[in-house]
1. Of all GluC sites (Glu not before Pro) in the stretch 295-381, which ones are in loop regions per DSSP and have a Cβ with at most 11 other Cβ atoms within 10 Å?
2. Cβ under 13 Å from Ala106's Cβ, Ala106 left aside: what net charge do those residues give with Lys, Arg +1 and Asp, Glu -1?
3. Once you charge only the Cβ atoms, +1 for Lys and Arg and -1 for Asp and Glu, what is the size of the charge dipole of the stretch 301-459 about its Cα centre, to the nearest 20 debye?
4. Using a Förster distance of 51 angstrom, determine the FRET efficiency expected from the C-beta separation of Thr223 and Ala471, and round it to 0.05.
5. Once you place label points 7 Å from the Cα toward the Cβ at Glu96 and Arg76, how far apart are they in nm?
6. So what are the stretch 275-359's ellipsoid semi-axes, whole angstrom, largest first, if each one is the square root of 5 times an eigenvalue of the alpha-carbon gyration tensor?
7. For Glu322 paired with Tyr385, estimate the spin-label separation in nm (one decimal), with each label point 7 Å from Cα along the Cα-to-Cβ line.
8. Any chance you could check the Cα centroid distance between the stretch 87-163 and the stretch 269-291 for me, in angstrom?
Amino acid sequence: MNRPDMIRFSMLALLSASVLNASTLPAYAQTPVTQPPATAPTLPPAMVQPVPPAPLPAPIPPLSAAQEAWANGWLRGGAEQGLMARSKATASLTGEALVNAVLDRAKALSTGRVDTADFLEIWALRPERFDPRPGLAKAVAEDRLAQWANALTPPYAGYDGLRKGLATYEAIRDKGGWPVLTATSAPMVVRARIALEDKSVTPTENLTDVLQRAQRRYGLNPTGLLDARTLAALNVSVDDRIAAIMANMERWRWMPRRLPVNRVQVNIAAAVLTVFQGDQPVTSMRAVTGSPQNATPMLTSNIHSIVVNPPWNVPMSIANRELFPKGRAALARQGYKIIKTPEGGERIVQPAGPNSALGRLKFDFANPFAVYLHDTPSRGKFASYDRLASHGCIRLEKPVSLAELMVASDPELNGQIQTLIDAGKTQRVSLPQEVAVYLLYWTAFASSNGTMSFRADPYGWDKLLADKIEASSRRADPTALPSPTIASKD
């Protein structure tokens, strides 16, 4: 249920690992050599495979004057897609320099502005490969540059909602932003401040209702009171809100262009799990995700099995930091077992049972962080509006319901999850079909009416990513004028 304190792994191995074994080797490579040859062996001519030449890049036809004018105008619109904090003046380009800039912008819109080499290891989502040259060549030849460009961005309502929200918040910023509120701010001042983001506010609406709606948008307890957490959310600067929108647009660009129609999605920042069937949300539940000190990674994988009545093999990082210091007697009283390892060390196991930290169900999927979804005997946290408290795994409010959905197509398992739990035996149940799982970090999203909702940035990833986007954009267009800082640094 937890990830190590330091995670070191090769993302190349994560994405494209392959195993070389004897069955994949040619016969001559499998034969043992009892006596080393006097000279290096050479392959017979018939066995030498010529290396195919690298394919030539798709040739781009020369752009017409009208196409060059359109392309330069398109390049100046990077702020509209969250690729920079403000529109920048830039020199007009021609010829090869213009084509290269268009190709760079196309790749940024399709797979992200930030190069994957600049990702944190824990950002384990990786965009699909994309070569914009063939599409651009065809668009130039057919004089369809605008249609080609419009198809580059993620085809999701979530991305389009952020793009529209970005324009709204940029307009607020350009008009001077919003005032800082205090606990003594007049009701009319509070109402006017919230109305900048929520166009449904009316001058005569009850302030309690206005505040409750704002609190829901920020993921706060809707008390209707101007409490400290509500004040803090309302006083987040408009520049920071823009940075959050930019960061979330970038994460959308990392997503595949087609998602599995049946999948589980976890919003780490909001601590909510949603199940999709036929590409439609069918149920959701509260979750508990990683604390700021134990961040839950962003990743995608496939849930392949469920462990019923799982024991907890405590990761050594947690054992050394939190459990061994309690002493053996205390651990024994709490039901833990200390087991010798083959290497001569010791590890801690919590046996399956009602008090196990994993509860009665664990949902397994391959990933290098040793995280998974699981039940928990500690139910109180689900009633809280602050649910980032785990060591990195995702605790589930309704694990039995989720398990039943996953096995419903198997007549032998359908409706039997609670029966298996009640039997008390630890067993692994393979799913009839693997279920895609996405652990995502959404801190900004738009409602159906265009109003933006935000969640706190518990891991600080929004500001970090927005800064990386800005730095990458400056490197991509060195002729652009510098822009001011996009997010506060306090």
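1. Details: sites: Glu322, Glu343, Glu346; in loops: Glu343.
Counting only loop positions with at most 11 other Cβ atoms within 10 Å, the GluC sites (Glu not before Pro) in the stretch 295-381 are Glu343.
2. Numbers: positive: Arg105, Lys107, Arg113, Arg133, Lys138, Arg253; negative: Asp104, Asp131.
With Lys, Arg at +1 and Asp, Glu at -1, the net is +4.
3. Values: 17 positive and 13 negative charges, 146 e Å.
Charge dipole, the stretch 301-459, about its Cα centre: 700 debye, nearest 20.
4. 0.80
5. Rounded to a tenth, the inter-label distance reads 2.6 nm.
6. Working: eigenvalues 202, 47, 39 Å².
The three semi-axes for the stretch 275-359 are 32, 15, 14 Å.
7. 2.6 nm
8. One Cα centre to the other: 30 Å.
The values are calculated or read from the model by the stated rules, or taken from the named source; none is laboratory data. All figures in this text were calculated on a predicted structure; none of them were measured in a lab. All Cβ positions, even for glycine, are placed from backbone atoms using ideal geometry, and neighbour counts span all protein chains on display. Each accessible area value is taken on the protein alone, full model and side chains, heavy atoms only, with ligands, DNA and RNA left out. Shrake-Rupley method; radii C 1.70, N 1.55, O 1.52, S 1.80 Å.
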